[in-house]
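The values are calculated or read from the model by the stated rules, or taken from the named source; none is laboratory data. Everything numeric in this text was worked out from a predicted model, so none of it was measured. Because the Cβ atoms are built from the backbone with ideal geometry, glycine has one as well, and the counts that use them run over all protein chains shown. Protein only, heavy atoms only, side chains kept; ligands, DNA and RNA dropped before computing areas. Shrake-Rupley method; radii C 1.70, N 1.55, O 1.52, S 1.80 Å.
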Amino acid sequence: MMFQPLNDFTQLSAASTVDQVVELLYHDISLRDKVIMAQLSENELDSSVYLAMAKTIRKEFGLYSGNTDLLNSCSSYLGREYDTYEDPAMVIMKELWKKVKQTHNLHLVKSNHCPA
């Protein structure tokens, strides 16, 4: 899965909540990546996807360069929905993962028809 940084800096700098960032990311990643992400377990998300996306999320959304509103929004999830040691990028990624699991999780469909 490859997240491509967004091009509209105005949108990025205006994103001040986890929900806003999740919406931007959700609309930016490809259908293929959404389906792949939806199939991941939480452990797989923590280990493989986190390393690939966290640095970009931190940079693109100003997590360590002044976006205190977004940092505060991320902090509101810690200790309540997430372990207190998780960083803001992980909070954003897990919220994105939850959304993608709801909308792009593939299910097997049992058919009553048998091929002739």
Does region 84-105 contain at least one residue that is under 15 Å from the mean Cα position of the chain (by Cα), open to solvent by 40 Å² or more (accessible area, probe 1.4 Å) and either at pLDDT below 85 or acidic (Asp, Glu) (or both)? yes
Here is a list: LEU25, LEU40, LEU45. Which entry is among the hydrophobic types (A, V, I, L, M, F, W, C) and part of a loop (DSSP other than H, G, I, E, B)? LEU40
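Residue under question is ARG80, and the condition is that it be in contact with an Asp or Glu (Cβ under 9 Å, 6 or more places away or on another chain) and open to solvent by 30 Å² or more (accessible area, probe 1.4 Å); does it hold?
Values: in contact with an Asp or Glu (Cβ under 9 Å, 6 or more places away or on another chain): no; open to solvent by 30 Å² or more (accessible area, probe 1.4 Å): yes.
Spelling it out, it is not the case that ARG80 is in contact with an Asp or Glu (Cβ under 9 Å, 6 or more places away or on another chain) and open to solvent by 30 Å² or more (accessible area, probe 1.4 Å).
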List the number of the failed condition for MET37; all other conditions in (1) at pLDDT 90 or above; (2) of a type outside the set (Lys, Arg); (3) open to solvent by less than 60 Å² (accessible area, probe 1.4 Å) hold. (1)
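Report whether or not ALA54 is open to solvent by less than 80 Å² (accessible area, probe 1.4 Å) and more than 12 Å from MET93 (Cβ to Cβ). Walk me through how you get there before you give the answer.
Working: open to solvent by less than 80 Å² (accessible area, probe 1.4 Å): yes; more than 12 Å from MET93 (Cβ to Cβ): no.
No; evaluated as a whole, the condition is false for this residue.
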